[in-house]
Structure formats: C-alpha cells, structure tokens
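The values are calculated or read from the model by the stated rules, or taken from the named source; none is laboratory data. Here the structure is a predicted model, which means the values were calculated and not measured. Ideal geometry is used to build each Cβ from the backbone, glycine not excepted, and the neighbour counts take in all protein chains shown. Accessible surface areas use protein heavy atoms only, side chains included; no ligands, DNA or RNA. Shrake-Rupley method; radii C 1.70, N 1.55, O 1.52, S 1.80 Å.
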Amino acid sequence: MSKNTHSFQAEVAQLLHLVTHSLYSNKEIFLRELISNASDACDKLRFEALDNAALYEDAPNVEVRVAFDKKARTLSITDNGIGLSQQEAIDHLGTIAKSGTREFMSRLSGDQKADAQLIGQFGVGFYSGFIVADRIVVESRRAGLPADQGVRWSSTGTGDFEVETITREKRGTSVILHLREDADEFLNGWKLKQVIGKYSDHISLPILMEKEEWKEGEDDKGGEMVATGEWEPVNKASALWTRAKKDVSEEQYVEFYKSISHDYDAPLAWSHNRVEGSTEYTQLLYIPAKAPVDLWNRDHKGGLKLYVKRVFIMDEAEALLPSYLRFVKGVIDSADLPLNVSRELLQESRDVKAIRDGSTKRVLSMLEDLAKKAAAAAAPAESPAADGVTDVVDKKEGEPTDADAAKASEDAGKYAKFYAEFGSVLKEGLGEDFANRDRIAKLLRFASTTSDAATVSLADYKARMKDGQEAIYYITADTLAAAKNSPQLEVFKKKGIEVLLMTDRVDEWALSYLTEFDGTPLQSVAKGAVDLGKLQDETEKKAAEEAAEAFKPVLEKLKASLKDKAEDVRVTTRLVDSPACLVVQEHGMSTQLARMLKQAGQKAPEVKPVLEVNAEHPLVKKLERDEAHFDDLANILFDQALLAEGGLPEDPAAYVRRVNALLV
Ligand code: ADP
C-alpha cells in the first residue's frame, strides 16, 4: 500500500479541536492515556495468546518503553502488545467507536472549562496526544502478521491522517509525539518519571526508561544528562488491587480510578477487599462523582473490568453487577474462573453469581455509609458528655482537628451528590433486585411537602407520621411545581400530613414494586378513594356522608354527561379549594404514566379516570341550580381537572368555547 490520505470522522475532527483548546491546563494527562492504551494492548495480547501462544513470537515479556529525543523534539511510547493492522489503524485511530459520542458532542457548551470537564469524563484517550504534539506518528504491527505488514499512521491533528505500509520487525506499537514549542518540559527524564509515578504506578506491567548519567560539558560549558543505553523500570509494576490496602495511598486509589474510568473527578468512595469463601476474588469498587454521558444509553453495559488471576479478560463485564448499579467502576479479579471464560459463560457461572451478590452488597453498604455520614452531619452535634461520663482528661490525641472537620463536611455532601447523579438509576433496583429491595428503599430520598430538595428518606417520613396515620402518602407529577400545587394534596395540607413529591420519570414504575416500607403501606394520593382512616374524626365523616347523600341526584346526571370521559364520578373529601380532580382506580395506571408512555410512542391502555368533585365548592353547587348550562359546566369541570394535573383537554377549542360562553 502506498501512502493514502483519509479524513477523520466528523466527530473526531471536532473532538481534536476541543482537545487541543480545552485540555491545555492539564497537559500531562496525555501520558496517562497513552500508557494506559499501551497497557491495554499488552493485556489484549496476553488474552489472545491464551489460545495462540505463537503470538508472543520471541518476546514473551510484555512491557512499555518511554523515550525522548531532545534534538528531534520527540517523545515516544512503545509497547510490544497486540499492535494494529492497517485496517485497525484506520478504523481505531480515525473514528470514535464509543457509544454516546453524538450525545456527548451535543452537550458541549463552548465554555472551555465546562467542556474540559465533559471531555475528561468522556475519555479522549489516544487523541490527548495532540495536547502536546503538533504531529503524531504511530508505527505498528499486529502480533501474528508478517514484518512487511506494518503500518505507519501520521497526522497533524487537523482534518485528516495518512497511512502507509512499513516493515516492522517487532510486534506492537510506537506512538511518536512531535512536541509543540511549549511542551519542552516533557523532554526531561526526571519530569517524565514523576508523571509516570503519579499516574501509572499501578500499571501491572513494567514501564521502562533509559538510565541517564550526568556528563560534564567540555570547556566549562556546563553539563547535561545523557542516556546510557541501559533500560530500567520506573513504576512499581504490580497491579494496584493485588497490593495490601495499607500499601496503597489515597492518592493512588484516586489515580487508579481516573485511569480506568477516564474521569477527571475523584470518586466519591471506594472499597477494596479480598473475598474468601466458596469463591475467591478481589474487588475494588468505586462510586463516581459524576454520571457519564451515556449512562442512559441502552447499550451502556457496566463499569467493571474482569481479570482472572491478574490476566485481563474483559471490559464492561455486565454480569458482575446488576444493571441498576451500572455506574460503579472498578476491577474484579477472580481466582476461580477459567481464563477462557466468555460473556455467555459468565451469565451461567455460579462463581459469577457469588461475585455479583457479594459486590452488590458491598456497593449498597458503601452507599449506606455515605448516607450515614450525611445524616450524622445533619443531626445536631452530640456532646461527648451526653452519656453522662465527663471526660476530664485533657485529651489531645484523637481530638477533631480543622482538617477532620473539613473532611466531615465534605463527606456530608457526598450522598446528596451521589443521589443527584445516580438516584434515578438506583431506583431501578426496586424492580430489579428483590433480594435487596429493603436496603434499596432505605437509600431512596424524595422531595416532600416539607422539603423541596430530595432529602427525605422513607424512614424520616415514618418518624414524622401523625398519630393515626396509616400510610406513607405520595404523589407523582411531571414537575415539582405541578406536584406541590396538585388539588389532590389539599386535604393533606389542611390536616398537616406530609406527602412525598415524586417527579422522576422512573418513580411511578419503581414505586409499583414498593408497596410497603417497614410495615407501612405506600399510598398514591391520586389513586383510589382517599381514606384518611383515623385521621378523620367522626363528625367530619358524618358530614361528608350526608353531603354525598344530598348530592346523589346531581351525581347521576354528571355521570351521564361525562360517560365518555370518566370511568366514574364521585364525591370526595380530599378537595378543599378546588372543585374537582381526577384520580385513577386503586390498581390502575396513573394518567401521568399513561401520558408518558404515549409521548414515548408506546401503547398505553386507555385509562378513563375517575372524576372526584368537591360538593362544597360554589362551582359544583352551581350545577344544582343552572340546568341550562349543566352539560357545559360538567365538561368544564372535567377538563379543568385534567389541566390542573398537567394534561390537555381532548378538544381544547371546545373547552375554550364553553368557558367563554359562561364568561360573557
Ligand atoms: P479507547 O482506548 O478508550 O478505546 P482511544 O482513542 O484511546 O480509545 O483508542 C482507540 C483505539 O485505538 C483503542 O480502542 C485501540 O483499539 C487502539 N489503540 C490505541 N492505542 C493502541 C496501542 N498502543 N496498541 C494497540 N491498539 C491501540
């Protein structure tokens, strides 16, 4: 093949522009990304070689070499991993295969700081080289292919790249960066070692650099460091999760997270354990601080990497955690699974089931821990002498310091952060993970009539329930404002009963799996007739019954007028200021969910709601007197109830006509 020019996929060109313009403030991350790619390539070789040892050719030890040339102003990262064929170089280095790319691009705002954050989350990988290089040359040969089928890929990071055939004896890939004017700092062995130590110490294969020696200059010209031709490892080269906890610093845990997740932000929490028992494995699980752009993509799989006895097996191993925990990142290293395990096999393996159960429990307890810290910070500080024991010893050690206080307040905010990003995903667990439903329910937080922020737990709610209250009440709506102002809440407001306000799209569905919490039923205020039970006193009940009796004839007429629209019409005590509202039968689908399904283009069963009317309301009383307008009034009553809950009258023009007729 002679030299061929190819154009980058449009998204790549756009991304490249952003990379060079936005990631400027954190230049050095390119080295982490390229070393991580090199390490992945070595992992892939080891994996393919399980079935085909010949791929190792004559070099069974995989490694990465980092070298620089001051005169040529180049920096190269060379691995002897799986390598790239010509077609792979064109495909992998000219397009972005990741799911969610388009969505990611659409989220970019043009504000450099915000965009840099987004790009960080997305993971620019290979293209980060263009932060420091104005030209990148990649020379590679795929393991197993003959030497004359090597490839040279080169680009200046603008619209296109060139590809040509070369001869390359050694398998694997060299990425050669032609550094920009202002990237001199990376032509320095000490600096490179420092960056590698910071970002890549946990990489499990050796990263080698040439040893340097100080050489005095001639004639007092000053000296310089010169390469000796001897290579030495510059990282620890032991996979981070295989080390003992005490040998891993907080910073190293964070850096490891960043390298596997391509996230800019530190994780909220992590948990590192060696699990022994019927199946043996190591888990290192992280809870990110930010949701990735493609979390809601159908093909978003999961964030765990699977290793078997330190050999990389696969990314995004979705069998290792249930789907509602797909935001968790990390590593599982199993001692028991066979090395040739496939995705299909994973689904059936008993070891995998044990790993999945164990990891699920671990994640839930991490979340419980964050929630506990938040609750502790919200509660008034307990005095140490509260238990009656006065500590008279002047105790310096263990006394909280300013740093402790800062940490505590940071910890306190973590659960809210987590919940804002992943709360909706967690709720899916109610329908997905029956075994842990109670634990998940305890982790949920909602807005309520006492709190606009989603901070109320079901346990908080229960603790505040009125004497005689027999259910946890909630309402679902499209927005917080619609929920708060719903006529269905009127009697609850009047009686000072708290109602949870649910505005998340998944709430309706998720809550259908949670019929009770800690022995108390959950009850939608928009479903079935309100029965406030013991909260209503006898005189109120009696008055209501009498009113209903007196209203009966009107009711029958209303039913006849609205028979095409309403399943039933009845008198209610749930309304105070509004004339009417719509509810659905106890086990019916809510009108809100039906509307959502319709919007999503799905078939929803035709639900006819029940119209409930407030017999005390002047508009309703007018029905009794105004025979001439009865039909118009009845329809207005129905359509207004629909409007009040965010719906639209079936025939808006007719509604307007009727109202106007009454107005004039
Ligand atoms: P990612 O690594 O997240 O997939 P990159 O942009 O970093 O994205 O890399 C794109 C692809 O290019 C990789 O998935 C891999 O197939 C290939 N690649 C990159 N670096 C190497 C390398 N050193 N050896 C072999 N393949 C590589």
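With N counted as the residues of the chain, its alpha-carbon radius of gyration over 2.2 N^0.38 Å works out to 1.26.
For helix 402-432, report the angle its Cα long axis makes with the longest principal axis of the Cα atoms of the chain; keep it between 0 and 90° and round to the nearest 10°. On a 0 to 90 degree scale, this one is about 70.
Helix 652-663 axis versus longest C-alpha principal axis of the chain: approximately 40°, rounded to the nearest ten. Note on residue 403/residue 280: beta-carbon distance plugged into 1/(1 + (r/R0)^6) with R0 of 41 Å gives a FRET efficiency of 0.65.
Relative contact order of the chain, taken over Cα pairs closer than 8 Å and 6 or more residues apart, is 8 percent. Taking 0.36 nm per residue of separation and subtracting the Cα-Cα distance, full extension of the segment from residue 342 to residue 165 would add 60.3 nm.
Checking the cross-link pairs 70/258; 44/353; 527/621; 462/527; 462/495 against a 23 Å limit on the alpha carbon distance flags 70/258; 44/353; 527/621 as lying beyond it. The Kirkwood hydrodynamic radius of segment 406-460, based on inverse pair distances between different Cα atoms, is 12.2 Å. Sorted largest first by accessible area at a 1.4 angstrom probe radius, with every protein chain in place, the residues 411, 632 fall in the order 632, 411.
If the limit is 25 Å between Cα atoms, which of 170/198; 198/373; 557/608; 246/329; 541/563; 466/608 go over it?
Exceeds cut-off: 170/198; 198/373; 541/563; 466/608.
Once the Cβ-Cβ distance of residue 265 and residue 628 is raised to the sixth power relative to R0 = 45 Å, the FRET efficiency obtained is 0.10. Taking every DSSP helix (H) stretch of at least 4 residues in the chain, weighting each as -39,500 (n - 2.57) and dividing the sum by the residue count yields a mean residue ellipticity at 222 nm of -11500 deg cm²/dmol. Which percent, nearest 5, of DSSP beta bridges in the chain are antiparallel? Around 75 percent antiparallel, to the nearest 5. Is the shape of segment 445-663 rounded, prolate or oblate, going by the alpha carbon gyration tensor and its root eigenvalues a ≥ b ≥ c, with a/c under 1.5 for rounded and a/b larger than b/c for prolate? Oblate.
Sort 369, 504, 433 by accessible area with a 1.4 Å probe, largest first.
So, going from the largest accessible area down, we get 369, 504, 433.
Relative to 2.2 N^0.38 Å, what does the C-alpha radius of gyration of segment 3-237 come to as a ratio? Two decimals please.
1.05
Among beta bridges from DSSP that stay inside segment 445-663, the antiparallel ones total about 50%. When 546, 606 are compared by accessible area at a 1.4 angstrom probe, the order from most to least is 606, 546. Measuring only protein heavy atoms, the 1.4 Å probe finds residue 63 accessible over about 40 Å². With the whole protein complex present, residue 2 retains an accessible surface near 90 Å², based on a 1.4 Å probe. Take residue 656: with every protein chain present and a 1.4 Å probe, its accessible area is about 70 Å². Distant-in-sequence amide contacts of residue 225, defined by a placed amide H-H separation under 5 Å and a gap of 5 or more residues or a different chain, comprise 215. Per residue, the accessible area of segment 3-237 comes to 47 Å² when a 1.4 Å probe rolls over the protein heavy atoms. When the solvent-accessible area of segment 3-237 is split by element, carbon and sulfur atoms take up 47 percent of it, the probe being 1.4 Å. In a DSSP loop and with at most 15 other Cβ atoms within 10 Å, there are no chymotrypsin sites (Phe, Trp or Tyr not before Pro) in segment 623-664. Could you give the angle, 0 to 90 degrees to the nearest 10, between helix 112-122's Cα long axis and the longest principal axis of the Cα atoms of the chain? For helix 112-122, the angle is close to 80 degrees.
Protein heavy-atom accessible surface, 1.4 Å probe, per residue over segment 445-663: 51 Å².
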